[in-house]
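Enquirer: Got a structure for you, questions after.
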Amino acid sequence: MAQHPDLVEYCLRLADDQLVLGHRLSEWCGHAPTLEEDLALANMGLDLIGQAREIYGYAARIMRRGCSEDSLAYLRTERAYRNLLLVEHPNTDFAHTVVRQFYYAAFMTPYWNAMTASADDHLRAVAAKAEKELAYHLRHSAQWVIRLGDGTTESARRMRAAIANLHCYTGEMFEVGGMTRRLVDAGIAVSPERVRRAWDESVKSVFDEAGLMPPQAPIHMQTGGRAGLHTEHLGHLLSELQYLQRTYPGARW
C-alpha cells in the first residue's frame, strides 16, 4: 500500500518511545523510595512495554521479510531507533523520573485519546487500551509533581532542577514532518499539534498547584531523536537492553 513506509516509520516511533521509557522505569525496580512506588513504577513500565510489543508486532507484519517484535526491539542499532530524546534521558534522581513521566504522560494521554478515531484498526485498538493506562500514568506523576514541588525545600529544589534539565526536550514531541502529515491526511495518525493545548493546560495546572514553573527565557529545544540522532544515554541503555539477545542470538525462554 502507498503508505507502507510511512506506516512502518510511524509505528517504530510510537513503539520505540514506549520501549525506551518502559526500560527506564524498570531500572527503578528495587530502588524506588517506597515499596508502593517500586510496584507502581514497575507496573507503568510494563504498561509501556506491552504497548511497544503490540506496535512492534504490527510493524513486523507490515514489513514481513522475517521481522518480528523481538528483532525490532533487540537487533536494531542506536541510529535506527526513532524515540524522543526525552524518554532516553537517564533517571538521575526521583525528581527527574517524575518530571519526565509527567511531561510524557501529559502528551500521550490526549494523543492516545485522539488515536481512538484512527482509520487503522490495529492502532485504534492499541489506543483504546493505552489511553486508559496513560491516564493513570498522568494522574500518578501529577500527584508526585505536586507533592514534591510543594513539599520540602530540598524536594522543591530537585524538582526545579529536573524541570530546568528536561524542559528543553519537550519541543520534539510536537514536531510535524512530511510522514506525519501524510498519515494525518489518510486519517491514520494524529498531528501532535492537535494535543499541544491539552499538554500546555495540564502542565500549567499541575505546576501552578505545585508552586513550580517551566523555564521562562526562550529555550532552544533539543531534537534529533526522530531522525536517529540520539544522546549518549541511548547507547548505554541499549547495551543493557539488548545484551542477552546479542550474546545468545535467537535465545528463547
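The values are calculated or read from the model by the stated rules, or taken from the named source; none is laboratory data. Because the structure is predicted, anything quoted here is derived from the model rather than measured. All Cβ positions, even for glycine, are placed from backbone atoms using ideal geometry, and neighbour counts span all protein chains on display. Quick note on the areas: whole protein, heavy atoms, side chains included, nothing else; ligands and nucleic acids left out. Shrake-Rupley method; radii C 1.70, N 1.55, O 1.52, S 1.80 Å.
Enquirer: Would you work out if the stretch 124-169 is rounded, prolate or oblate? Take a ≥ b ≥ c from the square roots of the eigenvalues of the alpha-carbon gyration tensor; rounded if a/c is under 1.5, else prolate when a/b is larger than b/c, oblate otherwise. If you can, show how the numbers build up before the last one.
Expert: Values: a/c = 6.71, a/b = 2.09, b/c = 3.22.
Judged from the Cα gyration tensor, the stretch 124-169 comes out oblate (a/c at least 1.5, b/c at or above a/b).
Enquirer: Gap in Å between the Cα centre of the stretch 204-253 and the Cα centre of the stretch 90-155?
Expert: 14
Enquirer: Given the options Thr223, Thr77, Thr97, which has the most mean-square fluctuation in a GNM of the chain, springs set between C-alpha atoms less than 10 angstrom apart?
Expert: Of the options given, Thr77 has the highest mean-square fluctuation.
Enquirer: Another question, if that's okay. Just want to confirm a number: the relative contact order over the stretch 105-188, from Cα pairs under 8 angstrom separated by 6+ residues, in percent. Could the numbers behind the result be given before it?
Expert: Details: 48 pairs, mean separation 25.8, N = 84.
31 percent.
Enquirer: Can you give the accessible area of Tyr248 in Å² (nearest 10), computed on protein heavy atoms with a 1.4 Å probe?
Expert: Approximately 130 Å² of Tyr248 is accessible to the 1.4 Å probe.
Enquirer: Report, in degrees rounded to the nearest 10, the 0 to 90 angle that the Cα long axis of helix 153-166 makes with the longest principal axis of the chain.
Expert: The two axes meet at around 30 degrees.
Enquirer: Highest GNM mean-square fluctuation, the chain, Cα pairs closer than 10 Å: which of Gly66, Gly211, Gly57?
Expert: Gly66
Enquirer: If each DSSP helix of 4+ residues adds -39,500 (n - 2.57) and the sum is divided by the residues in the chain, what number results at 222 nm, nearest 500 deg cm²/dmol?
Expert: Working: 11 runs with 165 residues, N = 253.
Rounded to the nearest 500, it is -21500 deg cm²/dmol.
Enquirer: Taking only Cα atoms and a 10 Å spring cutoff, compute GNM fluctuations for the chain and point out the largest among Asp120, Asp16, Asp47.
Expert: Asp120
Enquirer: May I pose another question? Helix 94-115 against the longest principal axis of the chain: what's the angle in degrees, Cα atoms only, rounded to the nearest 10?
Expert: It works out to around 50 degrees.
Enquirer: Another question about this same structure. Quickly work out the Arg79-to-Arg147 label distance, labels modelled 7 Å from Cα along the C-beta direction, and quote it in nm with one decimal.
Expert: Each label point lies 7 Å from its Cα, and together they span 4.4 nm.
Enquirer: Right, something else. For the chain, calculate the relative contact order in percent as a whole number, restricting contacts to Cα pairs under 8 Å that are 6 or more residues apart.
Expert: Details: 333 pairs, mean separation 61.8, N = 253.
In percent, rounded to a whole number, it is 24.
Enquirer: Follow-up question, since we're still on this one. May I ask you to rank Asp93, Asp17 by accessible area, largest first, using a 1.4 Å probe over the protein chains only? Mind dumping the intermediate values first?
Expert: On the way: Asp93 30, Asp17 5 Å².
Correct descending sequence by accessible area is Asp93, Asp17.
Enquirer: Now a separate question. Using alpha carbons only, how many degrees (0 to 90, rounded to 10) separate the axis of helix 121-149 from the longest principal axis of the chain?
Expert: It works out to around 20 degrees.
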